[in-house]
Every structure is written in C-alpha cells, then in structure tokens.
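Each value in this text was obtained by applying a stated rule to the coordinates, not by laboratory testing. Note that the structure is predicted; figures quoted are calculated from it, not measured. Cβ placement follows ideal geometry from the backbone for every residue including glycine, while neighbour counts extend to all protein chains displayed.
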Ligand code: ATP
Ligand code: MG
C-alpha cells in the first residue's frame with residue numbers, strides 16, 4: 001500500500017531518459033536502489049517513492065494526480081496533452097523546469113529520392129508516426145491535409161515497407177534515418193526532458209520537499225554547466241585576463257608567496273574553457289591554468 005505522505009516521482013523505467021533521470025535524482029541526494037525489477041523504489045533517506053514506468057504513461061500519471069512529479073520528454077507530454085484535449089478533457093499540470101538532457105527533435109523525413117520543396121509536398125500523403133497529434137497540429141496550421149499511419153515503433157522502416165510515403169519521428173543524430181535511406185526535411189518540434197508537477201494541491205510538507213528538490217536540481221544543473229578555474233596572472237594584466245573568462249566577473253585574488261608581480265586567481269566560470277581561450281590567457285602572461293569540474297552549487 002502506498003504511503004500518501006511520501007512524495008511520488010514517476011520516471012522512465014528503461015530507455016533514453018532513465019540513466020540521466022536516475023543520475024539527476026542521485027545528485028540531488030536521493031538514495032534509491034533501482035536495481036530490482038520493481039515498479040516502485042523507495043528512497044532510503046527522504047520521504048520519496050520512485051515509480052518506474054513506460055515514458056508514455058508519465059504525463060497521464062501526473063495529470064491524473066497518481067504521482068506528484070514526473071520527468072518526461074516534452075514531446076511525449078505535449079502529445080498526451082493534445083490527445084486528452086482531442087478527447088474533450090481539460091488536463092492540467094505545472095511545468096516546473098526544463099532539464100539538461102533528453103534533447104531531440106521531431107522531424108519529417110522522406111526517402112532520399114523523393115523531392116521536397118516544402119511541407120505542401122506532403123498534401124494527401126500517408127505519414128507514419130508515433131506522434132499523430134503533434135504532426136496534425138503542425139500540418140493543420142499550414143493547411144496541409146495528410147493521412148496518418150500510427151506506428152508505435154520502427155517508424156523509420158515504414159516507407160521501405162510500403163506503409164507510408166513519409167515519416168515523422170524523433171531524431172537526435174540522424175544516423176537511424178540515414179541507415180534507412182531517409183532524409184530529414186523539416187523539424188516540427190524541439191524537445192528536452194522536463195520536470196512536471198500534478199496540479200493537485202499538496203500538503204505543506206510535500207510542497208516544501210518539492211521546493212527543496214528544485215533548489216538542488218538548479219544546483220546540479222548549474223554545476224554541470226560551470227567550471228572552477230585557477231590560474232596565476234601578472235597583476236598589471238588582470239583586467240584583460242578577466243575579460244577573457246566567461247561569467248567570471250568577481251574572481252578571488254590571492255597573493256603568491258615571494259612574488260610581487262603575480263597573483264593567483266580563482267573563479268567560477270559559467271562555461272568551460274576552450275583550448276583557444278587558454279592559449280589566449282597564456283599569451284597574456286597567465287600560467288598554471290587549471291580547469292576543474294564542480295560537483296554541487298548553491299547560490
Ligand atoms: P518506453 O519503453 O519507456 O515507452 P520509448 O521507446 O518510448 O520507451 P525512448 O526511445 O527510451 O522511448 O525515448 C524516450 C525519450 O527520450 C523520447 O520520448 C525523447 O523525449 C527522448 N529522446 C532523446 N533522444 C532521442 C532519440 N534520438 N530518439 C528517440 N527519443 C529520444
Ligand atoms: Mg514510450
């Protein structure tokens with residue numbers, strides 16, 4: 001029996017979002033043992049239960065208030081939203097934030113030898129997809145009628161199998177399309193993973209836990225995007241050196257023992273340092289340049 005006082009988070013059980021999601025939760029300090037093949041995992045150190053399901057089920061679980069939070073691709077979320085609206089429902093949820101993984105695009109693709117001058121070429125054509133509502137929303141806006149062929153997997157083989165003239169599928173590198181003799185002709189939706197919350201009002205303790213997690217998630221994502229930089233610099237070129245460093249407005253300056261003309265600089269940079277920038281720093285007289293990863297941050 002589920003304990004309703006514990007925060008329930010739905011995540012993909014196995015697939016493209018599961019490793020990143022698990023890592024994010026772990027970096028937020030949630031200790032969970034996800035090894036077993038179980039639907040539910042319980043956090044050992046916080047009142048949190050993790051529900052592990054197919055990604056397609058996550059938006060509905062959040063919209064129906066079965067779980068409090070869900071981590072899901074925006075593509076699946078938007079498709080479920082349109083699906084429910086098409087059935088006359090008025091679904092609600094809160095978008096808490098976009099995450100820094102699960103990036104992909106939903107694109108139209110055609111066989112290599114098919115000409116394409118614009119989406120109107122698809123008028124009257126049969127298009128295979130797992131995202132019929134997103135596709136219809138896109139082509140309806142352009143006034144292009146088409147026939148939809150719903151496939152829940154192996155969409156990319158549909159043209160070769162004679163099931164469809166074109167496809168509308170998720171792409172990240174394009175390698176799968178290429179391997180199936182297809183070319184991407186139009187991006188219809190760009191997606192990332194996101195964190196959503198049910199719009200059912202929660203007891204204050206649960207809401208406070210979500211607020212705490214949000215600060216931690218912000219810290220984890222910000223830390224992943226930042227670097228700690230240390231270097232030695234000639235005192236008279238400090239301004240020029242700071243100007244080269246992205247997002248490092250207020251460096252810590254420390255004296256170097258026995259050296260009147262040089263100082264040590266420490267700073268958090270909002271981006272990593274490219275080799276070119278390091279070479280430019282060196283040309284300004286900087287030395288001992290170290291770029292270190294940051295594990296956690298709180299502002
Ligand atoms: P499930 O068994 O949970 O239903 P699935 O096969 O539907 O899994 P995955 O292929 O694991 O789903 O993809 C999950 C999500 O990962 C996608 O909905 C999308 O948001 C994101 N994603 C990122 N890159 C890609 C990609 N190249 N192809 C497909 N999905 C991607
Ligand atoms: Mg799925």
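For the chain, the relative contact order is 18 percent, taking Cα pairs closer than 8 Å that sit 6 or more residues apart in sequence and dividing their mean separation by the residue count. Taken along the Cα-to-beta-carbon direction at a fixed 7 Å, the label points for residue 44 and residue 94 span 3.1 nm. Share of pairwise Cα-Cα distances greater than 38 Å in the chain is 35 percent (whole percent). Once a ≥ b ≥ c are taken as the square roots of the eigenvalues of the Cα gyration tensor of region 226-293, is the result rounded (a/c under 1.5), prolate (a/b larger than b/c) or oblate (a/b not larger than b/c)? Prolate is the answer for region 226-293, as a/c is 1.5 or above and a/b outweighs b/c. Computed from the Cβ-Cβ distance with R0 of 41 Å, the FRET efficiency linking residue 16 to residue 253 stands at 0.40. When 94, 228, 138 are arranged by Cβ crowding within 10 Å, least crowded first, meaning fewest neighbours, the order is 94, 228, 138. In this simple spin-label model, placing a label point 7 Å from the Cα along the Cα-to-Cβ direction at both residue 270 and residue 87 gives a separation of 4.3 nm.
Helical runs (DSSP H, four residues minimum) scored at -39500 (n - 2.57) apiece and divided by the length of the chain put the mean residue ellipticity at 222 nm at -8000 deg cm²/dmol. Using the Cβ-Cβ distance between residue 202 and residue 152 with R0 set to 35 Å, the FRET efficiency from 1/(1 + (r/R0)^6) comes to roughly 0.60. Taking a ≥ b ≥ c as the square roots of the Cα gyration tensor eigenvalues, with a/c under 1.5 meaning rounded and otherwise prolate when a/b beats b/c, else oblate, which class fits region 164-299? In terms of gyration-tensor shape, oblate. With both labels modelled 7 Å from their Cα along Cα-to-Cβ, the residue 34 to residue 287 distance reads 4.7 nm. So what is the relative contact order for region 101-186, in percent, with contacts set as C-alpha pairs under 8 Å and at least six apart? RCO, region 101-186: 45 percent. Put the Cα centre of region 139-154 next to the Cα centre of region 204-241 and the gap is 43 Å. Length available on full extension from residue 54 to residue 123: 0.36 nm per residue minus the Cα-Cα distance, which gives 21.5 nm.
For residue 6 and residue 141, the FRET efficiency from 1/(1 + (r/R0)^6), where r spans their Cβ atoms and R0 equals 41 Å, is about 0.45. Relative contact order of region 141-234, taken over Cα pairs closer than 8 Å and 6 or more residues apart, is 14 percent. Oblate is the label for region 132-244, because the ratio a/c of its alpha-carbon gyration tensor axes (a ≥ b ≥ c) is 1.5 or higher and a/b is not greater than b/c. Multiplying the residue separation of residue 294 and residue 237 by 0.36 nm and subtracting their alpha-carbon distance yields 17.9 nm.
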